[in-house]
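The structure under discussion appears below in the form of structure tokens.
Throughout, read-outs are computed from the coordinates displayed, never taken from laboratory work. All figures in this text were calculated on a predicted structure; none of them were measured in a lab. Neighbour counts are summed over all protein chains in view; Cβ atoms, including those assigned to glycine, are modelled from backbone coordinates with ideal geometry.
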Amino acid sequence: MKKPKAIVIGSGFGGLAAAIRLSCKGYDVEVFEKLDMPGGRAYVHKQDGFTFDAGPTIITAPQLLEELWALCGKKMSDDITLKAMEPFYRLRFDDGSWFDYSGDEETMRREIARFNPADLAGYDRFVKAADQACQLGFEELGGVAFNSLSDLLAAVPSMLRMKAWESLYTLVARHISDPKLRIVFSFHPLLIGGNPFSVTRVYSLINTLERRWGVHWSMGGTGQLIKGLVGLLNARGVNVRCNASVTRINVENGRACGVTLENGERHDADIVISNGDPAWTYKNLVSREHRTHWTDRKIEKSKYSMSLFVWYFGTRKRYEDVPHHMIMLGPRYRELLDDIFKKHHLADDFSLYLHRPSASDPSVAPEGHDAFYVLAPVPHLGSNTDWKSRAEPFRQLVQSYLEKTVLPNLGREIVTSKLMTPQDFHDRLWSYKGAAFGLEPILLQSASFRFHNRSEDVDSLYMVGAGTHPGAGVPGVLMSAKAMSTVVPNV
Ligand SMILES: Cc1cc2nc3c(=O)[nH]c(=O)nc-3n(C[C@H](O)[C@H](O)[C@H](O)COP(=O)(O)OP(=O)(O)OC[C@H]3O[C@@H](n4cnc5c(N)ncnc54)[C@H](O)[C@@H]3O)c2cc1C
């Protein structure tokens with residue numbers, strides 16, 4: 001019997017996980033990727049002897065990756081070495097003080113007590129709420145496809161119990177009074193494109209994910225995980241074809257029946273799965289006449305996550321005092337987030353995430369050198385920023401802040417440099433409005449209200465990745481592939 005054919009558009013973590021799951025289900029799978037290498041946001045830039053992971057660096061819930069290896073009858077530890085981070089990361093405040101966020105309970109309590117011992121009791125209550133959110137939001141609802149009204153109705157009691165309408169910051173502020181500690185326990189959603197003042201408190205589950213399963217670094221870089229997943233696919237005879245942009249999803253009688261590539265090639269399939277940004281996919285790959293749900297108007301009116309300005313650079317010296325992961329908070333918190341998410345205004349101040357993988361892994365930089373990236377959350381392209389002219393002045397602002405704080409004389413030490421702006425998210429990754437994390441994760445764009453895994457508009461068309469439930473982040477997109485695999489036809 002000929003196997004049914006599945007075409008996966010895109011090879012981000014979500015697309016690769018989807019391809020593995022479909023192949024294991026019995027589909028004949030082919031993956032088409034626009035870029036010259038797989039990985040999507042987890043692309044790897046190799047430059048002047050340095051290895052720069054373009055995007056994800058913090059690996060949480062590694063069991064979701066192990067599951068993919070196990071599905072293929074293999075062990076992840078044979079291909080990948082994960083290194084547990086301790087502390088997980090440092091949060092540095094604008095006045096130079098810092099909080100080391102740890103997986104060790106005693107260290108964590110000591111750190112909290114350094115800022116405000118009276119907040120220890122509130123921290124315990126916060127942890128309880130986060131554990132409850134993890135149980136309901138991650139373990140029970142994370143892998144649900146939310147394709148039907150009954151999925152939504154079944155989730156309502158859990159959402160009510162979790163007071164899902166409250167923001168994460170409201171939850172944190174109820175239990176913790178110190179202004180800096182409030183930031184420490186509320187910043188996490190920024191890692192997946194959410195504003196702590198607008199995301200539902202369900203996102204406190206990230207705190208539990210990290211505490212329970214650790215924060216890890218994949219030795220050699222996150223790109224090793226992508227390489228490992230592609231290896232699993234190749235061993236199953238699945239090809240990931242790069243430099244192959246899909247420009248149309250072919251629809252006949254309301255059913256997706258294949259794709260057309262930029263070079264005009266047509267490929268037929270029984271099902272099509274898009275790992276591209278769903279807003280872009282619907283608007284640009286599916287003709288208007290096939291869309292009654294995801295109309296251009298609905299796509300335009302939806303709210304999109306922030307974007308990112310990312311600067312990758314290598315230095316000829318090592319900055320031994322700088323930890324692997326550091327969040328550097330600027331002078332403003334709520335006001336800066338208002339600028340980014342609500343006013344769509346590019347401010348002159350910023351908060352940064354500074355990544356120094358060579359702190360844990362010498363393989364990513366030449367001997368005696370350091371590899372870095374620094375990212376700043378910035379508004380998506382709705383800000384009308386002309387990144388062609390703003391990128392270099394913005395980079396200089398970031399460089400001068402780093403020189404004044406943790407990387408003295410940085411300008412003198414740089415040996416290689418590369419930038420990624422919101423315009424690149426748009427042009428390279430085909431992300432609507434250049435958003436770095438797809439739809440903004442607010443309550444009314446979560447679960448059933450996000451792009452469904454099974455298309456609302458076209459039969460045999462499916463979606464995986466950050467734009468679908470449960471959302472952005474490596475664990476989120478791996479779970480979206482799992483949810484998708486529950487709604488495709490069995491072979
Ligand atoms: C800078 C940065 C740092 C991050 N850090 C972390 C972190 O530390 N930890 C974490 O868990 N998460 C992190 N994230 C989030 C995480 O990386 C993403 O949510 C996740 O990787 C997205 O995966 P995805 O499956 O949605 O696909 P994507 O990575 O978005 O990949 C989609 C792929 O589809 C391809 N594609 C799109 N359209 C087409 C088409 N028409 N034809 C062919 N190919 C197409 C694109 O080229 C791309 O390769 C970070 C994100 C960024 C940007």
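Under 16 Å from the Cα of Lys433, which aspartates and glutamates turn up, not counting those fewer than eight places away in the same chain?
Answer for Lys433, where 16 Å is the Cα cut-off: Asp277, Asp296, Glu300, Asp386, Asp424, listed by chain and number.
In percent, how large is the relative contact order of segment 106-215, given Cα pairs closer than 8 Å and 6 or more residues apart?
Result for segment 106-215 is 36 percent.
Binning every alpha carbon pair distance of segment 436-479 at 10 Å from zero, what are the percents per bin?
Percent of Cα pairs in each bin: 33, 53, 14.
Pairing the Cα long axis of helix 13-25 with the longest principal axis of the chain, what angle in degrees results, from 0 to 90 and rounded to the nearest 10?
40 degrees
Contact order normalised by length for segment 161-248, with contacts defined as Cα pairs under 8 Å and 6 or more residues apart; what percent is it?
Relative contact order for segment 161-248 comes out at 26 percent.
If packing is taken as the average number of other Cβ atoms within 10 Å across a peptide's residues, how do 158-168, 192-202 rank, most packed first? List each step's numbers first, then the result.
On the way: 158-168: 17.3, 192-202: 24.1.
Sorting 158-168, 192-202 by mean packing, highest first, produces 192-202, 158-168.
Normalized C-alpha radius of gyration of the chain, against 2.2 N^0.38 Å? Numbers along the way, then the final one.
Details: Rg = 21.8 Å, N = 491, 2.2 N^0.38 = 23.2 Å.
That ratio works out to 0.94.
Treating cross-link reach as a plain straight distance, find the aspartates and glutamates whose alpha-carbon is under 13 Å from the alpha-carbon of Lys342, omitting any fewer than eight places away in the same chain.
Glu440
Report, ordered by chain and residue number, the aspartates and glutamates lying within cross-link reach of Lys83, taken as a straight Cα distance under 15 Å and ignoring same-chain residues fewer than 8 apart.
Those aspartates and glutamates meeting the cut-off are Glu66, Glu210, Asp361.
Hull surface divided by four, with the convex hull built on the Cα atoms of segment 3-129: how many nm²?
Its average projected convex-hull area is 12.5 nm².
Is the shape of segment 119-172 best called rounded, prolate or oblate, per the rule: a/c under 1.5 gives rounded, else a/b larger than b/c gives prolate, else oblate, with a ≥ b ≥ c the square roots of the Cα gyration tensor eigenvalues? Walk me through the intermediate numbers first.
Values: a/c = 3.28, a/b = 2.28, b/c = 1.44.
The shape class here is prolate.
Order these peptides, 376-388, 295-307, 264-276, 401-413, by their mean beta-carbon neighbour count within 10 angstrom, highest first.
264-276, 376-388, 295-307, 401-413
Select from segment 205-242 those trypsin sites (Lys or Arg not before Pro) which occupy a DSSP coil region and have at most 10 other Cβ atoms within 10 Å, ordered by residue number.
none
What GluC sites (Glu not before Pro) does segment 182-262 have in DSSP loop regions with at most 13 other beta carbons within 10 Å?
Of the GluC sites (Glu not before Pro), the ones in loops of segment 182-262 whose Cβ has at most 13 other Cβ atoms within 10 Å are Glu262.
Could you work out the relative contact order of segment 292-440, using alpha carbon pairs under 8 angstrom and six or more residues apart, expressed as a whole percent? Display every interim value, and only then the final one.
Details: 257 pairs, mean separation 55.1, N = 149.
Relative contact order here is 37 percent.
In a solvent-free Debye calculation with one equal scatterer on each Cα, what is log10 I(q)/I(0) for segment 303-427 at q = 0.17 Å⁻¹, listed in the order of the q values?
-0.87
Kindly rank 177-184, 426-433 from highest to lowest mean number of other beta carbons found within 10 Å of each residue.
426-433, 177-184
Using only helices, what value at 222 nm comes out for the chain when you add -39,500 (n - 2.57) per DSSP H run of length 4 or more and divide by the total residues, to the nearest 500 deg cm²/dmol?
On the way: 16 runs with 153 residues, N = 491.
The helix contribution divided over the chain gives -9000 deg cm²/dmol.
Plugging the Kirkwood radius over Cα pairs into Stokes-Einstein for segment 360-491, at a temperature of 10 °C and a viscosity of 1.306 mPa s, what D comes out in µm²/s?
Once the numbers are plugged in, D ends up at 88 µm²/s.
How much space per residue, in cubic angstrom, does the convex hull of the C-alpha atoms of segment 226-339 take up?
Residue-normalised Cα hull volume stands at 206 Å³.
Would you compute, for the Cα atoms of segment 106-215, the largest minus smallest coordinate along each principal axis and list the three values in descending order, in whole Å?
On the principal axes, segment 106-215 reaches 49, 25, 24 Å in Cα extent.
If we count other beta carbons within 10 Å of each Cβ, what is the order of Cys134, Cys242, fewest first? Could you put the intermediate results ahead of the total?
Details: Cys134 21, Cys242 14.
Arranged by neighbour count, lowest to highest, Cys134, Cys242 become Cys242, Cys134.
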